[in-house]
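This report concerns only the one structure given below.
The values are calculated or read from the model by the stated rules, or taken from the named source; none is laboratory data. Owing to the predicted nature of the structure, the values given are computational and were not obtained by experimental measurement. With ideal geometry, Cβ positions are generated from the backbone for all residues, glycine too; neighbour counts draw on all protein chains shown. Keep in mind that these areas ignore ligands, DNA and RNA; they rest on the heavy atoms of the full protein, side chains included. Shrake-Rupley method; radii C 1.70, N 1.55, O 1.52, S 1.80 Å.
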Amino acid sequence: MGRTYENRKASMAKTGALKTKLYSRYGKEIYVCAKNGGAETDSNLSLRRLIEKAKKEQVPGHIIDKALDKARGGGGEDFVTVRFEGFGPGNCMVIVDCLTDNNNRTFGEVRTCFNKGKAKLGAQGAVAHMFDHRAIFAFKHDDEEAVLEALMDEDVDVADIENDGGIITVIAPQTEFFKTKTALSKAFEEVNFEVEEITFVPQTYTELAGEDAEQLEKFLDLLNDCDDVQEVYHNAEIS
């Protein structure tokens, strides 16, 4: 499981133009989440998780408030979630999640990224079945048994747990995200999560090196430059 922690998607850089794109993506995602599930965090747990994540990424409060006000207004854009799947350099598997108000535009942009990145766009379901949808938490702690006992006491369905150099990584089904976080926060009051996210965890990994590894970086940069792309998951392991 250590690979999952090592290969987790790094936070987008918070400088210059990339910072603006980061804010834009969070604003869009918060707006859609609030519009679909309500703008109150007490009743919309997905929104609460998203806002907490945005704050951790240092997204300004006015960006969050603007997105919530827009959702409460009832108008605005009609965004939909779109997922693309395929194979990247070295035949690694790739999932690209987007939020868009123009599917044709987004499809064209993502397809261009695949073509320029020497990747192959596949059909829906081409690779998703090789990933598990999981909640992941990572934090500094040195007692794996104590963490496992705390989770078991709260009947958390733990999929995996590992102590890697003083970093505990807990994996649970994505439906157990809030239950897991509550159990850990209750048992360890000073816990500071270095990772707390719902993500796709690969069932197998593809090792990349040399030109394939360099091409993957270029491919991921192309995808991150697309405004509609929200998350990119892959099973590549750079050797």
Checklist outcome for this item: A 1.4 Å probe over the protein heavy atoms gives region 58-170 a carbon and sulfur accessible-area percentage of 44 percent
Item to check | Over the chain, relative contact order from alpha-carbon pairs under 8 Å, at least 6 apart, % | outcome: 22 percent
Checklist entry - Once amide H atoms are placed 1.01 Å from N in the peptide plane, what residues at a sequence separation of 5 or more from residue 122, or on another chain, have their amide H within under 5 Å of its amide H? => result 85, 86, 87
Next on the checklist: Please report, in whole Å³, the volume per residue of the convex hull around the C-alpha atoms of the chain.
Outcome noted: 133 Å³
Checklist entry - residue 194 to residue 150: FRET efficiency via 1/(1 + (r/R0)^6), r the Cβ-Cβ distance, R0 22 Å, to the nearest 0.05? => result 0.80
Checklist entry - When ranked by the protection proxy of mean other Cβ atoms within 10 Å per residue, highest first, what sequence do the peptides 135-147, 166-178, 36-48 form? => result 166-178, 135-147, 36-48
Checklist outcome for this item: Residues meeting the amide H criterion for residue 194 (H placed from the backbone, H to H distance under 5 Å, 5 or more places apart or on another chain) are 138, 139, 140
Item to check | Farthest positive-ward along the chain dipole, Cα basis, beta-carbon charges - from 201, 24, 232 | outcome: 24
Checklist outcome for this item: Taking placed amide H atoms and a strict 5 Å upper bound, the residues 5 or more places from residue 237 or on another chain that come that close are 206, 207, 208
Checklist outcome for this item: Residues of region 206-227 with backbone N under 19 Å of the label point set 7 Å from the Cα of residue 19 along Cα→Cβ are 225
Next on the checklist: Per residue, how large is the accessible surface of the chain? Use a 1.4 angstrom probe and give square angstrom.
Outcome noted: 52 Å²
Checklist entry - What full-extension length gain, to one decimal in nm, is calculated for residue 174 and residue 217 as 0.36 nm per residue of separation minus the Cα-Cα distance? => result 12.7 nm
